[in-house]
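For reference, the structure discussed in these notes is given below.
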Amino acid sequence: MSQQTEVDFFDGRDNQRHAVVVRMLDAMVIQEGEGTLARWPFAYVRLLPSAHGMARYGLADSDSLARLEVTDEMLIAAIKMHCPHLGRGEGAVASRRLTLRIVGWSLVAAASALGLVLYGLPVVADIVAPHVPQAVQYEIGEASAKQLKLVFHATTCRDAHGQAVLDRLVAKLATAGGLTRHLRPRVIKTTIPNAMALPGGRVFVFSKLLDEAQTPDELSGVIAHELGHEAHDDSMRRLIESSGTGFLLGMVFGDFTGSAGIVLAANTLITASYSRQAEKGADDFAIHVMTRLGRSPKPFGALLERITKGHDFPLAMSLLADHPLTEDRLADIAAHDVPDTGPPLLSTADWVALQTICAN
Ligand SMILES: [Zn+2]
């Protein structure tokens with residue numbers, strides 16, 4: 001059976017809309033003119049949140065942000081008939097929660113659109129960022145994670161022992177900082193040292209940072225700093241500040257995770273750098289966490305300094321680009337040096353497991 005209605009397709013690499021024809025063959029085949037843009041196995045097609053009167057589809061278990069937008073009811077019915085797992089997965093759950101929360105959230109967003117006129121964007125971002133619903137953060141976090149891997153040509157490292165060590169370390173640091181939200185830390189394989197906290201509790205440690213770190217305390221300081229950004233909703237604030245009114249209005253109309261918007265949002269999140277004030281806040285959080293665990297924050301500063309000097313990678317994409325390092329920051333971290341009184345954060349065996357998480 002085949003369907004020939006013209007529909008909109010976004011390949012997920014940019015925000016260009018392609019007019020395509022979808023054929024239901026042995027898979028969902030997406031064609032533009034004579035060319036095939038994508039071939040989606042039926043079992044992997046998922047229904048995504050969308051505005052009323054339109055169905056939006058994506059692909060499960062893939063790093064692609066490709067989206068298909070269909071208004072034709074015949075085609076929607078055909079897709080429903082062929083694809084057995086349309087509503088499966090966390091995205092569908094997030095989507096249902098989204099619908100429930102949208103009314104209350106719209107009021108916040110509408111109020112903030114007014115606040116925008118009265119007070120300006122930074123003030124509004126401060127007010128709105130902590131109140132963005134978890135479901136929205138989840139969607140944006142997922143999209144950003146995919147885009148991050150695309151931009152850095154990175155794959156997720158999946159050694160089970162290493163992952164267990166990372167989970168435990170991040171939980172220990174988060175608990176010490178009083179951060180209770182659900183976190184999903186991952187190591188990705190890269191040639192550039194960086195770490196990133198994205199909405200929805202996504203925490204990424206780049207493997208090159210693991211290589212550069214000489215001790216668990218050095219690495220822990222950087223992760224604690226990222227958790228500080230997470231605790232302060234800095235990534236969401238940064239997104240609202242740089243996307244401005246369009247993003248807020250998108251939220252009011254409930255289609256903020258739209259196909260074009262989500263790619264822009266994801267790119268904004270992974271390329272913009274934090275303000276001086278946000279950096280100070282995240283450093284203070286890291287200093288607090290390390291001190292509470294009876295470990296000096298000084299190694300954290302040492303790692304930052306080492307990355308700055310004698311590097312063999314472009315600084316533009318590194319930790320220092322997203323989190324500008326100033327003399328003030330280093331002096332502040334060094335000023336909180338204390339003798340280590342707490343137990344080591346990782347055993348030698350766990351440290352080795354974490355450092356070799358990408359080996360397999
Ligand atoms: Zn930072």
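The values are calculated or read from the model by the stated rules, or taken from the named source; none is laboratory data. Since the model is a prediction, treat every value here as computed from it, not as a measurement. Note that we place each Cβ from the backbone using ideal geometry, even for glycine, and neighbour counts take in every protein chain shown.
Taking the stretch 278-293 as the range and being more than 11 Å from residue 332 (Cβ to Cβ) and within 11 Å of the ligand (Cβ to nearest atom) as the test, the residues that pass are 278, 281, 282, 285.
Across the stretch 60-71, which residue is farthest from residue 139 (Cα to Cα) among those that are at pLDDT 85 or above and either assigned to a loop (DSSP other than H, G, I, E, B) or touching a Gly at 6+ places or on another chain (Cβ under 9 Å) (or both)? It comes out as 71.
When the residues of the stretch 294-315 are narrowed to those that are within 16 Å of the ligand (Cβ to nearest atom) and part of a helix (DSSP H, G or I), which ends up modelled with the lowest pLDDT? My answer is 315. Going through (1) at pLDDT below 85; (2) touching a Pro at 6+ places or on another chain (Cβ under 8 Å) one by one, residue 276 falls short only on (1). For the stretch 128-233, the helices (runs of 4 or more DSSP H) that sit wholly inside it and include 3 or more residues that are at pLDDT 90 or above and farther than 28 Å from residue 330 by Cα are 160-177.
Just need a number here: residues in the stretch 288-303 that are surrounded by 24 or more Cβ atoms within 10 Å (Cβ to Cβ) and either aliphatic (A, V, I, L, M) or farther than 17 Å from residue 216 by Cα (or both). Residues flagged as surrounded by 24 or more Cβ atoms within 10 Å (Cβ to Cβ) and either aliphatic (A, V, I, L, M) or farther than 17 Å from residue 216 by Cα (or both) within the stretch 288-303 amount to 2.
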